[in-house]
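Contents: one structure, followed by commentary.
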Amino acid sequence: MTVYVCLHCEYRFDTEKGDPAYDIPAGATPADMPEGWACPECAALGIEAFIAEEE
């Protein structure tokens, strides 16, 4: 399982679960998000705002 964490606000989403509250499907990674995508919690732009944490 991989959890992606926003570097700005520490919002987390698990690739196995996604985040239905923010319409992030299970299996999605930041690289799968459309261009211009932003963190759903703090609006930090782009996949560069996220790091992967292996759990």
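Odds and ends about this structure:
- Among residues of the range 28-41 that are on the phi > 0 side of the Ramachandran plot, those with a beta-carbon under 8 Å from a residue that is of a type outside the set (Val, Ile, Thr) and outside any loop (DSSP other than H, G, I, E, B) at least six positions away or on a different chain give the pairs 36/45.
- Tally, over the range 14-55, of residues that are at pLDDT 90 or above, acidic (Asp, Glu) and in a strand (DSSP E or B): 3
The values are calculated or read from the model by the stated rules, or taken from the named source; none is laboratory data. Fair warning: this is a prediction, and the values are worked out from it, not measured in the lab. Because the Cβ atoms are built from the backbone with ideal geometry, glycine has one as well, and the counts that use them run over all protein chains shown.
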